[in-house]
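Derivation of every value follows stated rules applied to the coordinates shown; laboratory data play no part. Because the structure is a prediction, the values reported are computed rather than measured. Neighbour counts are summed over all protein chains in view; Cβ atoms, including those assigned to glycine, are modelled from backbone coordinates with ideal geometry.
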Amino acid sequence: MKRIRLLVVLGAVAIALPLGISVAHATGGGGGTTATNSVSIDPYADFDTFGTNIDVKLYVRCTGTTVAEVSLKQSPPETGSPVTVGVGSNPLVACDGNTHSVGVTVGGAGFDTGYATATATLLGQPGDVVKATSKRTVYITQV
């Protein structure tokens, strides 16, 4: 008799546990449907067709009106310039709580093929509230 009760209890736990986890996962764990703002940078960037701009790919998850900004910095020996800095932005970010690819074009004057440091920032509108940032080394290629 005790074995049957134990099996019934274990069976109920085995059924309830996955259901509880999937409900918590679907609602973000807090009972609401809130998404976390995040941005990550692809490890490769490339010059556009004319070689004057650099295209940087981001992976963005956000809600609300958001602008994605990227700054690139390249120093010798990667470039002949002392320090080259470029900034670009994309105001057309799809912010529906899902992760999307977002391209940002940065002015490429002074950049060469090689490594650069990229910093991406998600800014909420209005007021330019920082929603998320990311920094990484990227390799700039010439397509």
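Numbers below:
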item: Residues whose placed amide H lies under 5 Å from that of GLY108, excluding near-sequence neighbours; result: ASN53, ILE54
item: Ordering of 76-86, 116-126 by packing [mean C-beta count within 10 Å, highest first]; result: 116-126, 76-86
item: Kirkwood-type radius of region 38-142, with distances r between different C-alpha atoms, in Å; result: 13.7 Å
